[in-house]
1. Once you order the gyration tensor axes a ≥ b ≥ c over the Cα atoms, which shape class does segment 125-175 get: rounded for a/c under 1.5, otherwise prolate or oblate by comparing a/b with b/c?
2. For the chain, what % of the accessible area comes from carbon and sulfur atoms, probe 1.4 Å?
3. Give me the accessible area per residue for segment 42-189, probe 1.4 Å, as a whole number in Å².
4. Name the residues whose placed amide hydrogens come within less than 5 Å of the amide hydrogen of Met105, ignoring near sequence neighbours (fewer than 5 apart) on the same chain.
5. Run the helix sum for the chain: -39,500 (n - 2.57) per DSSP H stretch of 4+ residues, divided by residue count, reported at 222 nm to the nearest 500 deg cm²/dmol.
6. Let me cross-check Arg106: its accessible surface, 1.4 Å probe, with only protein heavy atoms counted, in Å² to the nearest 10?
7. Please state the shape class of segment 67-189: rounded when a/c is under 1.5, otherwise prolate if a/b exceeds b/c and oblate if not, all from the C-alpha gyration tensor.
8. What distance in nm lies between label points placed 7 Å from Cα along the C-beta direction at Gln109 and Arg186?
Amino acid sequence: IVATRSDCLDDDVLDLLAELSQRTCFWLEIGLQSIHDKSLALINRRHDYACFVDAVERAAVRRLRVCAHVILGLPGESREEMLAMAGELNRLGVDGVKLHLLHVMRGTQLAEMYARDEVRVLDRDEYVGLVCDFLELLDPRILIHRLTGDGGRDNLIAPLWSLKKFEVLNLIDAEMEQRGTWQGIRFSP
């Protein structure tokens, strides 16, 4: 597994990764975070969504398996905007996805914004419901690598509920079972 940013994947790098992929089980993880340029600017990604699309398309030509990292709960994104990311992942034909929730970490600009009440984080039930909705929209052939991330106990400001990762995963499983649903139930090719 090689994880990187889309703006670090020039053709020479992709050619090298394609060569490596011929020798081993290989995944290229690319940090998407959001399909919305306003969000990418807010979190200082220094590239836009078009850069991600370009990297995925050039990786596909080389038959590289791509896993996209997505953050749910970025400031200013509506539920509809977050769920729209599932449709874009489907359209792009990525092979995998890692879902993360927004973490507020000490020493960051986001922490300063959070302290001034300019940023709100999802509560646990909101996140669980959002993940389940996302999964229902996601192409069933896309492999789920992660359903929630770890913020790091020593530097995490919020949401503190995310420290109970297995509890969150169990709640997602229970919600999917309670709904009688599965990944891709609302996917339409």
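The values are calculated or read from the model by the stated rules, or taken from the named source; none is laboratory data. Since this is a predicted model, take the numbers as computed values, not measurements. Neighbour counts are summed over all protein chains in view; Cβ atoms, including those assigned to glycine, are modelled from backbone coordinates with ideal geometry. Just the protein is used for accessible areas: all its heavy atoms, side chains included, with ligands, DNA and RNA removed. Shrake-Rupley method; radii C 1.70, N 1.55, O 1.52, S 1.80 Å.
1. Details: a/c = 2.42, a/b = 1.86, b/c = 1.30.
Here segment 125-175 falls in the prolate category.
2. Values: 4940 of 9760 Å².
The C+S portion of the solvent-accessible surface of the chain is 51 percent.
3. Details: 7620 Å² over 148 residues.
Result: 51 Å² per residue.
4. Residues meeting the criterion, in which the H sits 1.01 Å from N, are Ala111, Ile157.
5. Numbers: 7 runs with 80 residues, N = 189.
Counting only the DSSP helices, I get -13000 deg cm²/dmol.
6. In the full protein context, Arg106 sits at about 130 Å².
7. On the way: a/c = 2.01, a/b = 1.61, b/c = 1.25.
Prolate shape, in that a/c is at least 1.5 and a/b is the bigger ratio.
8. Computed distance between label sites Gln109 and Arg186 equals 3.3 nm.
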